[in-house]
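Just below is one structure, and these are the notes that go with it.
Read-outs throughout are calculated quantities, based only on the coordinates presented, and are distinct from any laboratory measurement. Just so it is clear, the model here is predicted, and its values are computed rather than measured. Because the Cβ atoms are built from the backbone with ideal geometry, glycine has one as well, and the counts that use them run over all protein chains shown.
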Amino acid sequence: MGDLERVLRVVSELRRRTVRILLVLAPIFAFLITFQLRFASVRLLGLSVPLAYPFPNLFDNVTAQVFGALRAWMLPPGVQLLNLGVGDSVMVQMEIGLLLTVTIGMPWIVHEVGAFLVPALRNNERLLLRQIGIPATVLFAVGLAVGLAFLTPLTYRFLFLYVDAMGLDQVLGVQQFVTFTLLYSVAFGLVFELPVFIYALTRLGVVRASTWRQHWRGAVIGALVFGMIVTPDNSGVTMILIAVPMMALYLGGALFASRWERARTSSPPPGAAPG
């Protein structure tokens, strides 16, 4: 088989997997931007059970409802959101819809990506992929939840203290609010993947565990640079709030990598005679 034929087969398989992903994600996205969730309660065995059902609504849809929940949870009392651009409200719904679509469809995305990569992996790489798949997904979900529930609202409250101190009006553009909230929260999800990344590189023999410990100063600089890139504001506060937990996760990943390397070194090779 020639190199060109191999490349064409890979491209064809990639296109097929991409189409399969889009066939699942497209209906989810369409539902989020065209339906509203209405809530009711039904009596069941003498108990009032809450029930949600979809209802067509192109404007007050699921993404608009999620935006309202984010606004109520994230922002301090008294902050007003302004629609500065003509299409800002539309873009806000699109951004929220895309994030929700990717989050809901993540298991299917991981399945298709894994099915595309597995034929090119060696046995130890396949085993590692199966072992870290669930922890990586859980860590991303935990990081995203921590960002949405605690750290992002805390950041807003802290930054608006400066606004109060200067006697300024508490206003914020709706596009800026949603972009900052989504990027900042997703950044925490990505940061929580760091221990898995460190552990995987050590398991594959790419980086020794001692290297992670020796270059912790470079990791501090990398964490600060990452925090500067993923935070869309100009203050150093948000950068530090990302860099500090990132360093803690870096040290945790280095610890797990060292423990695995010591266990591998101390255990006898397969087939070796005892003693």
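For N57, the residues 5 or more places off, or on other chains, whose built amide H falls under 5 Å of its own are F35, Q36. In terms of the mean number of neighbouring beta-carbon atoms within 10 Å, the peptides 211-217, 161-167 order highest first as 211-217, 161-167. In this structure, R15 and M106 have a Cβ-Cβ separation that, at R0 = 22 Å, corresponds to a calculated FRET efficiency of about 0.60.
Between the beta carbons of V163 and H215, assuming R0 = 30 Å, the FRET efficiency works out to 0.15 to the nearest 0.05.
Put simply, the amide H of L82, placed in the peptide plane, has neighbours under 5 Å in L172, G173, V174, leaving out anything fewer than 5 places away on its chain. Remark: segment 3-192 carries a charge dipole of roughly 700 debye about the Cα centre, counting +1 on each Lys and Arg Cβ and -1 on each Asp and Glu Cβ. Along the charge dipole of the chain, which of L117, L249, W260 sits closest to the positive end, that is, farthest toward it, with unit charges on the beta carbon of Lys, Arg, Asp and Glu (+1, +1, -1, -1)? Comparing the listed Cα positions along the dipole, W260 ranks first. Gain on full extension, evaluated as 0.36 nm per residue between R208 and L128 minus their Cα-Cα distance, stands at 27.2 nm.
Charges were assigned to the Cβ only: +1 to each Lys and Arg, -1 to each Asp and Glu. The resulting dipole of segment 44-139 about its Cα centre is roughly 360 debye.
Can you run the Rg to Rh ratio on segment 13-130? Use alpha carbon positions and the Kirkwood inverse-distance Rh. Looking at segment 13-130, the ratio lands at 1.13.
Averaged across orientations, what area in nm² does the convex hull of the alpha carbons in the chain project?
Working: hull surface 96.7 nm².
Taking a quarter of the hull surface, the average projection is 24.2 nm².
Residue-wise HN-Hα couplings along segment 252-257, as the Karplus relation 6.51 cos²θ - 1.76 cosθ + 1.60 with θ = phi - 60° gives them from phi, are x, x, 5, 5, 5, 5 Hz; Gly and Pro carry x. Computed packing ranks the peptides 195-205, 122-132 as 195-205, 122-132, most packed first, by mean other Cβ atoms within 10 Å.
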